[in-house]
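Step one of this worksheet: look at the structure below.
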Amino acid sequence: MTFAQFSSYLEKLEKTSSRLILIDILADLFRHASKDEIEKIIYLSQGRIAPFFEATEIGMAEKTVAESIAKAFNSTKEAVLKLYGKLGDMGIVASLLNSKVKNPAFAEASAGGQNSKLAVDDVFETLTKIAKTQGEGTVEKRQQLLSDLLKKLDSVSVKHLVRIPLGNMRLGIGDPTILDGLAKAKLGDKSKRKLLEGAYNKTSDMGLIAKTLFSGGIAAVNKLKVQVGKPIRSELCERLPTAEKVIEKMSSVDVQYKYDGFRVQIHKDGERVSMFSRNLENMTHMFPELIKATLQQVKAKTAILDTEALAYQVESEEFLPFQETTKRRRKYGIAEMAQKLPLKAFAFDILYKDGRSLIDLPLRERIAILQKTISEDGVLMVSQTEQVRDVKRLTILLEDAISKGLEGLVVKRLQSPYEAGGRNFNWVKLKRHSSGELQDTIDCVILGYIFGRGKRTAFGAGALLVGVYDESQDEFVTVSKIGTGLTDEEWREIKVKSEKLKVKTKPARVNSKIVPSVWVEPKIVIEVLADEITKSPLHTAGLALRFPRLVSFRGLDKRAEDATTVKELVEMYKEQFKK
Ligand code: ATP
């Protein structure tokens, strides 16, 4: 496939605001891809040259890209940046300058939009070269590589190409939508996505799944196994309100503290260690002390551990609150922060050891293996566990956790396998019960903002339109408008964060009956507290939040797809009547 053909699909994808059409276009694109290029096409569709969890970045600064565009199309960096200031999208700038250049070498390509002969493979290869360029003169070398590429492409292609190193594809294609597209292209129907989900939950690698499907069919996909170096999608918790309900529903359980830090999945492969967040982001470089501890304390050649990492005050031997711990998620000043806020990681599960996947073993066996695998307490500690079958003991443990300043407990079914990507009653979180209020916060995604009157207009917002995630449809449905409870400072913060995500029309994966003043790409997750969940014909979740207020921004911690789901909200709605 030529890059121009591929770009014509990206162009169609950009123009649609319907998820079903998005899937149709993707399926059509995939059908036209060969088994040797499908993997690259998948990554490029997501603006990448590797799966999300790999640290391979093609990142280039706006100024560097502007210089490449200028070089390619006989302009100057200043002129490019000026146009960019006016148009707000480097892709459109490149496209415009490309069509203006009267260069006979690619006049034909520009006019036809489809005639440039450069293959997807060639572009992928150059982008990989750009990503791998290191050392002295990196900026100039990258600039040259990109500008040489731009010279050979038509105006539609350059538009989409320059957005890749800028990390600004704006297509809104999440992994589930790619799975739908693949299912439709190769298995006949998007409902067959379920057949691909198992492999996705185990490997998180969409390119690998596509390549396997194209070369060996669904049978080969089913055989894909957990692999060290590829994150397993995290198992998550359901909620139950009281110790009584836990014992009633689960009878005998394994009880663990719920540490309030962040999830780190640690992969050990000989001397190599890699680490992933709950949303599959590669965090390896952020935590040097965890790398060291893994190499020292994990008694296995290869292993995958599920852990929660927390900042730890060495002098007072205290665990610090989440707001402190989260300061460790940073790109710069890593060594200094590691000194100031050293981490401990509590390992609560083991998913792989010495070449063997353990995810199908029952929890109690996995815990036994875990305890044997980690040598004495250090930076890495094995989470304490206790088997409990009565309400009284469970209540004591919950009170104990709360008195230690922890959030509560996680209780787990002893016989359950590790359900990658699952959220069900195999794992349940139990927090302090506060009657009258919903006991848990809801993670909502900002979908738009509605201009207000009065002094708030200065910040460009009066209320936020927020939604939750509907997993079955891979779309965001509305659940509330949030206006009150935000300080002027918070409005400013929201304004700055959403400025880059503003779009003219409703994003493809948003389902809303309310039309806000401005649509925002579903990317920013906020934590919301509400008094009650009520039924609502106005909101497409079918439910609404009563007296919602913002508690915090979830920052890098959660992707939009990790927000509260409709299914969870329905559970929470039902729980209200059981108290
Ligand atoms: P919350 O917002 O309430 O912290 P969440 O939405 O981040 O929860 P949940 O599925 O509700 O995620 O809770 C599970 C999270 O709790 C895990 O992702 C993990 O980070 C954390 N956790 C802390 N201790 C444990 C433990 N012992 N076992 C499993 N998860 C734990």
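The values are calculated or read from the model by the stated rules, or taken from the named source; none is laboratory data. Because the structure is a prediction, the values reported are computed rather than measured. Don't worry about glycine lacking a Cβ; one is built from the backbone with ideal geometry, like all the others, and counts go over all protein chains shown. The area values use the complete protein model at the heavy-atom level, side chains included, leaving out ligands, DNA and RNA. Shrake-Rupley method; radii C 1.70, N 1.55, O 1.52, S 1.80 Å.
Observations on the model:
- Burial order of peptide ranges 172-185, 295-308, 323-336 (average beta-carbon count within 10 Å, highest first): 172-185, 295-308, 323-336
- Here the spin labels are modelled as points 7 Å beyond Cα on the Cα-Cβ line, and at Asn74 and Val139 they lie 2.8 nm apart.
- Applying the Karplus relation 6.51 cos²θ - 1.76 cosθ + 1.60 with θ = phi - 60° to segment 338-345 yields 3J(HN,Hα) values of 5, 6, 6, 10, x, 9, 10, 10 Hz, where x marks Gly and Pro.
- Surface listing: Asp488, Asp89 arranged by accessible area from highest to lowest gives Asp488, Asp89, probe 1.4 Å.
- Partners for Lys35 among aspartates and glutamates (Cα-Cα distance below 15 Å; same-chain residues under 8 apart left out): Asp121
- Given Lys535/Lys574; Lys245/Lys404; Lys404/Lys431; Lys77/Lys331, the pairs whose alpha carbons are separated by over 19 Å: Lys245/Lys404; Lys77/Lys331
- In segment 146-187, the portion of solvent-accessible area held by carbon and sulfur atoms comes to 41 percent [1.4 Å probe, whole percent, DNA, RNA and ligands not counted].
- Scaled to the globular estimate 2.2 N^0.38 Å, the Cα spread of segment 28-80, given as radius of gyration, is 1.57.
- Mean separation of Cα contacts under 8 Å, 6 or more apart, over the residue count of segment 3-166: relative contact order %: 36 percent
- DSSP-defined antiparallel bridges as percent of all bridges, the chain, nearest 5: 90 percent
- Rounded accessible area per residue of the chain, 1.4 Å, Å²: 44 Å²
- Rel. contact order, % - alpha carbon contacts under 8 angstrom, at least six apart, the chain: 13 percent
- Computed over protein heavy atoms with a 1.4 Å probe, the carbon and sulfur contribution to the accessible area of segment 463-577 reaches 55%.
- For the cross-link pairs Lys190/Lys513; Lys230/Lys372; Lys230/Lys497; Lys192/Lys502, the ones whose C-alpha atoms lie over 28 Å apart are Lys230/Lys497; Lys192/Lys502.
- For segment 3-166, the spread of Cα positions along the three principal axes, ordered from largest to smallest, is 41, 37, 29 Å.
- Computed across the chain, the Kirkwood radius stands at 25.7 Å (inverse of mean 1/r, all Cα pairs).
- The distance between label points at Asp28 and Ser316 comes to 6.2 nm (points 7 Å beyond Cα on the Cα→Cβ vector).
- Paramagnetic label reach from Leu295 (point 7 Å along Cα→Cβ; backbone nitrogen cut-off under 20 Å): within segment 222-249, residues 228-230.
- The alpha-carbon positions of segment 295-410 define a convex hull whose volume is 132 Å³ per residue.
- When each of Lys86/Lys327; Lys211/Lys268; Lys86/Lys506 is checked by Cα-Cα distance, pairs over 31 Å: Lys86/Lys327
- MRE, 222 nm, helices only [DSSP H, n ≥ 4, -39500 (n - 2.57), over the chain, to nearest 500]: -11500 deg cm²/dmol
- Geometric descriptor of segment 442-578, per residue, is 101 Å³ (volume of the convex hull of the Cα atoms).
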